[in-house]
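The values are calculated or read from the model by the stated rules, or taken from the named source; none is laboratory data. On a predicted model such as this, the values are computed, not experimentally measured, just so you know. Cβ placement follows ideal geometry from the backbone for every residue including glycine, while neighbour counts extend to all protein chains displayed.
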Amino acid sequence: MAHIVVVDDASFMRGSLKFIIESSGHEVVGTGKNGTEALELYKKLKPDLITLDILMKGIDGLAALKAIREYDPEAKVIMVTALGQEEKQRQAAELGAAGYIRKPFKQSEIIDEIEKALGEKVGTGDA
């Protein structure tokens, strides 16, 4: 079971991700609504993984990803993106994102991305 932080500016999206993550056997140890909260939660809770929405008011997901990876280069971060955000996805990859969840998402896609990022999925190179 992994400890996961979920950050999204939409309350409904935070709740949906939390439900899916917890129903897959992981624990959501914190939620936030912007990039500032993402960094604070990461430092305080030291989760195994954090999900970040790319587009948020104030400090967006890309800036939060950069700050988190500077704080902890081993941080596992999955970005939540919408269709049409390919350039932002490319930027996130360059900043070290471990994976992507695309909205609208399916439960199986979220679980697959989490398992890949955590190295729990067969075939990821992490036996």
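For Gln89, are the conditions met, namely being under 20 Å from Ala10 (Cβ atoms) and either touching a Lys or Arg at 6+ places or on another chain (Cβ under 6 Å) or at pLDDT below 90 (or both)? Taking the combined requirement at face value, the residue satisfies it. Contact map, the range 16-38: first residue in contact (Cβ under 8 Å) with a residue 60 or more places away in the chain, second residue of a type in the set (D, E, K, R) and buried (at least 19 other Cβ atoms within 10 Å of the Cβ), Cβ cut-off under 8 Å, separation 6 or more or different chains; pairs are Leu17/Asp8. Only residues that are over 17 Å from Asp48 (Cβ atoms) and among the charged types (D, E, K, R) were counted in the range 59-100, giving 8.
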